[in-house]
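Heads up: the structure comes next, in structure tokens.
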Amino acid sequence: MAPGPLHASQQSVETLLSPDYWRQLCPNLHVGDAAVQAKLCAAKPTGSKHPVASPADCAEVRERLLDEGFAALAPSSVHWSSDVAALAEGALALERHGWPATFLILYDEAWGMARDASQMMELATGNTLNMDIVGFLVDPAHAQGFSPHRDRQPEDWMQRGLPEDVPATFKPDGMAKYVTVWTALTDATPENSCLHFVPRSADPGYTNGDNEVDDPMRVAFRNKDDFQNIRCAPVAAGGCTFHTHRTIHWGSRGRSSFTGAPRVSLSFGFSTGDFEAAYFGAKHLPFPPVELRVALASAQVLNYATLSTGDQRGWIALAGSSMANCKAGMLRLLHKLYKRKAKAFHAHYRKEIAQKFVKSFFATGVAPEAEPHEAISAPAEKAVPGEGTPGPQGGINGGNDGSDDEDDEEALEAMLQAEAETGEVLFHDDFDMQNSDDDGAGLSAAKTFRQRKKQLRSGAGRKRGSAEKGA
């Protein structure tokens, strides 16, 4: 069946920057509606002095995070200003039109939820929203939650100039400098996938770090009794869980024959500024401009695209069934949407997105699914391509859309711009060789790409020299 006129594969950059397009997709949600925004900011439960969660509940969350590395609150303890069911319906509508659930951040209601979560996290941890917002939609017949992982490893923060020291990623009082709030927009159960955690006390690498030899999962589960430490965390719609950057966690596979509602969720990252700066400034909150929302959603898909190599079914939960099979045309479209507001983002985030975009560009062939115990330590390098008919922009399922040269130029431009901004050589001359397939065609294309990269670098250097002489 051919995609409809509102499907992602049929859109241009100009259309996607229009609030009207997103309003058509989810008519029960709102984009840039001042009256709705005011209502979201004023909302709080009847008879309560606390808009979201009580100080007692937040204190309980804090205690559990310090003790075990994770916590949970039932729907009765969380009073969201946004309609949770409307957000869940919105995620399903986005999926039908080819968009990941992460694009819920186009809507005021998602930012109302982010504001609510910020109030809880201020009381529980003192951390602030860093804009690492991701949506998930798990249909057990096709997808599952991410395989076991930690949200941050030393290689993540060392890129920002921080020392490898894992204990330094905790505050003096023991609270983690990075904590995630995971909100259930539909019921999350073992039937349709829910989160599972390894408690801090059962995880030798939680505070002191993982050694370079042993896989963290194998260290945590040395004998059969250790598996009894696993905590299953089912959450009804409107409830939420919390976990730190060092907590090993995953989403279960769910029952493939399950016929109920899929598991839909939104996660919000909270950090301290010295550990991980917010992706863009707080001046844009609580309701960022629409173009910035589009840029963030697009960048977040690029940011997580490399995970597809080791966790294909988990990647489908994040990207959606259509975008999980995207090729260079859609990656280029997402990158163009991000670039429209790239200067609004922090330098560290721009560097990260440049690297992830270029790595995703080298998608060649379907990646194998990783074994669960490999997910934490095995780096993911390639996105998962697919087959199909190209749309105007190359299409989510697009094959060769006749714009290979444009794809090359875009990836090269991202490389050079990121290197110019950071003053670092982020992509060495053999980067493209290392990220290509071993077959003759892949190596030949990588060699051509490398030669073109050197030419552009040389040209950029000559331009800088001429500019300096003329100054």
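Pairing each residue of segment 141-153 that is under 20 Å from THR169 (Cβ atoms) with any residue that is modelled with pLDDT under 90, provided the two are 6+ apart or on different chains, yields C-beta distances under 8 Å for PRO148/PRO372; PRO148/HIS373; PRO148/ALA375; PRO148/ILE376; HIS149/ALA375; HIS149/ILE376; ARG150/ILE376; GLN153/ILE376. As a summary of the residue check, PHE258 satisfies the conditions (1) assigned to a loop (DSSP other than H, G, I, E, B); (2) of a type in the set (Phe, Trp, Tyr); (3) open to solvent by less than 10 Å² (accessible area, probe 1.4 Å) except for the one numbered (3).
Report yes if GLY205 is closer than 24 Å to THR125 by Cα and surrounded by fewer than 24 Cβ atoms within 10 Å (Cβ to Cβ), otherwise no.
yes
Within segment 209-218, identify whether any single residue is surrounded by 23 or more Cβ atoms within 10 Å (Cβ to Cβ), of a type in the set (S, T, N, Q) and either touching a residue at least 12 places away in the same chain (Cβ under 8 Å) or farther than 26 Å from LEU40 by Cβ (or both), and answer yes or no. No, segment 209-218 has no match at all.
Restricting segment 285-318 to residues that are open to solvent by 10 Å² or more (accessible area, probe 1.4 Å) and among the aromatic types (Phe, Trp, Tyr) leaves a set whose member that is modelled with the highest pLDDT is PHE287. Within the set VAL138, VAL134, the sole residue that is among the aliphatic types (A, V, I, L, M) and under 13 Å from GLY269 (Cα atoms) turns out to be VAL134. Can you confirm whether HIS142 is of a type outside the set (Asp, Glu), closer than 21 Å to VAL219 by Cβ and modelled with pLDDT under 95? No, not satisfied.
Just for segment 91-125: of the residues that are under 24 Å from LEU331 (Cα atoms) and not hydrophobic (A, V, I, L, M, F, W, C), which one is surrounded by the fewest Cβ atoms within 10 Å (Cβ to Cβ)? Per the criteria, the residue is ARG96.
Which one is most open to solvent (accessible area, probe 1.4 Å) among residues in segment 126-156 that are assigned to a loop (DSSP other than H, G, I, E, B) and among the charged types (D, E, K, R)?
ASP139
Take segment 261-291 and flag every residue that is within 16 Å of ALA188 (Cα to Cα), in contact with a Leu (Cβ under 8 Å, 6 or more places away or on another chain) and part of a loop (DSSP other than H, G, I, E, B). Within segment 261-291, just PRO262 meets the criteria.
When GLY329 is tested against (1) in a helix (DSSP H, G or I); (2) at pLDDT 95 or above, only condition (2) is not met. Looking across PRO204, PRO190, one residue alone is closer than 16 Å to ILE230 by Cβ, in contact (Cβ under 8 Å) with a residue 60 or more places away in the chain and of a type outside the set (Val, Ile, Thr). It is PRO190.
Considering the conditions (1) out of contact with any His (no Cβ under 8 Å at 6 or more places or on another chain); (2) touching a residue at least 60 places away in the same chain (Cβ under 8 Å); (3) part of a loop (DSSP other than H, G, I, E, B), ARG160 is excluded by exactly one of them, (1).
The values are calculated or read from the model by the stated rules, or taken from the named source; none is laboratory data. Small disclaimer: the values here were computed from a predicted structure and weren't measured. Positions of Cβ are backbone-derived with ideal geometry, glycine not excepted, and every protein chain shown enters the neighbour counts. The area values use the complete protein model at the heavy-atom level, side chains included, leaving out ligands, DNA and RNA. Shrake-Rupley method; radii C 1.70, N 1.55, O 1.52, S 1.80 Å.
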